[in-house]
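Let me begin by handing over the structure; questions about it come next.
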Amino acid sequence: MNSKMQLLSFLISFIFGIFFYLLTILNFKLIENLKRYIQHILTFVYVLDIIIIYIIIFYHINRGYFHVYFILMVFVGFFIGHILYKKLISKIDVNSLFK
């Protein structure tokens, strides 16, 4: 794999980590009023779907060639997504927008 493909894979993994975090927040908000065992089942299915989507994306980008550091970039993106969510999105007062 050449360096251009590795940089593209890093970038896609990082963006996917941020996207994964935002979808996780949405998933938790959608299932918070359900029973506990249903929450666990839906979260398990959600994580499996995210993994399948990540694998499909990588098969289209670089024929499914994985390295551990691509997965680490997903975790870094997830962590950065958490920081961005806490600093930017959670500071927005939605109620003031509708007054």
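The values are calculated or read from the model by the stated rules, or taken from the named source; none is laboratory data. Bear in mind the structure is a predicted one, so any value in this text is a computation, not a measurement. In this analysis, Cβ positions are derived from the backbone assuming ideal geometry, glycine residues included, and neighbour counts consider all displayed protein chains. Each accessible area value is taken on the protein alone, full model and side chains, heavy atoms only, with ligands, DNA and RNA left out. Shrake-Rupley method; radii C 1.70, N 1.55, O 1.52, S 1.80 Å.
I need the helices of the chain that pass two filters: whole DSSP H segments spanning 20 Å or more by Cα along the axis, and mean Kyte-Doolittle score no lower than 1.6. The partial results should precede the final answer.
On the way: long enough: 3-31 (41 Å, 1.66); 36-62 (39 Å, 1.46); 68-87 (29 Å, 1.62).
Span-like helices here: 3-31, 68-87.
So for the range 1-90, considering every pair of alpha-carbon atoms, how many percent are separated by more than 20 Å?
Numbers: 1700 of 4005 pairs.
Above the 20 Å cut-off, the range 1-90 has 42 percent of its Cα pairs.
Say the dipole of the chain comes from +1 at the beta carbon of Lys and Arg and -1 at that of Asp and Glu; which of I55, L7, L30 then lies farthest toward its positive end?
L30
Can you tell me the accessible area per residue over the chain, all protein chains present, probe 1.4 angstrom, in square angstrom? It would help to have the intermediate numbers written out before the result.
On the way: 7580 Å² over 99 residues.
About 77 Å² of surface per residue is accessible.
At 1.4 Å probe size, with the rest of the protein present, what percent of the exposed accessible area of the chain is carbon and sulfur atoms?
72 percent
State to the nearest 20 debye the size of the charge dipole of the chain about its Cα centre, where the only charges are +1 on K and R beta carbons and -1 on D and E beta carbons.
Details: 9 positive and 3 negative charges, 39 e Å.
With Lys and Arg at +1 and Asp and Glu at -1, about 180 debye.
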